[in-house]
Amino acid sequence: AALGTILRRADGDAQAAAELISTYLGELPGRRLRVHAALRRGDARAVVAAAESLRTSSESLGATAVVG
């Protein structure tokens, strides 16, 4: 299911799909750190913004377990 979503976003181009996955995985640690840092600061707006960023990037690749 997720792979199909990624391939559709990449117009069926396997290389482009691999690049999308690589970019997502490369950005994932930073997105998670922003959520955790905002939580530690008690900054509710920053938590929501960081979590929304993580959710939308995950959703765009069909990573439904993250979006859930």
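The values are calculated or read from the model by the stated rules, or taken from the named source; none is laboratory data. In this text, all values refer to a predicted model and were calculated from it rather than measured experimentally. Neighbour counts are summed over all protein chains in view; Cβ atoms, including those assigned to glycine, are modelled from backbone coordinates with ideal geometry. Each accessible area value is taken on the protein alone, full model and side chains, heavy atoms only, with ligands, DNA and RNA left out. Shrake-Rupley method; radii C 1.70, N 1.55, O 1.52, S 1.80 Å.
Here is how the numbers come out for the structure above:
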{"read-out": "Ranked by how many other beta carbons lie within 10 Å on average, peptides 14-20, 57-63 from highest", "value": "57-63, 14-20"}
{"read-out": "Sulfur and carbon atoms: percent of accessible area, the chain [1.4 Å]", "value": "58"}
{"read-out": "Anisotropy class of the chain from Cα gyration tensor, a/c 1.5 cut", "value": "prolate"}
{"read-out": "Dipole magnitude of the chain about its Cα centre (Cβ charges: Lys, Arg +1; Asp, Glu -1), debye to nearest 20", "value": "400"}
{"read-out": "Linear extension gain, THR64 paired with ILE21, 0.36 nm per residue minus alpha-carbon span", "value": "14.1 nm"}
{"read-out": "Per-residue [θ]222 nm for the chain (sum of -39500 (n - 2.57) over DSSP H runs n ≥ 4, rounded to 500)", "value": "-27000 deg cm²/dmol"}
{"read-out": "Solvent-accessible area per residue for the chain (1.4 angstrom probe, square angstrom)", "value": "68"}
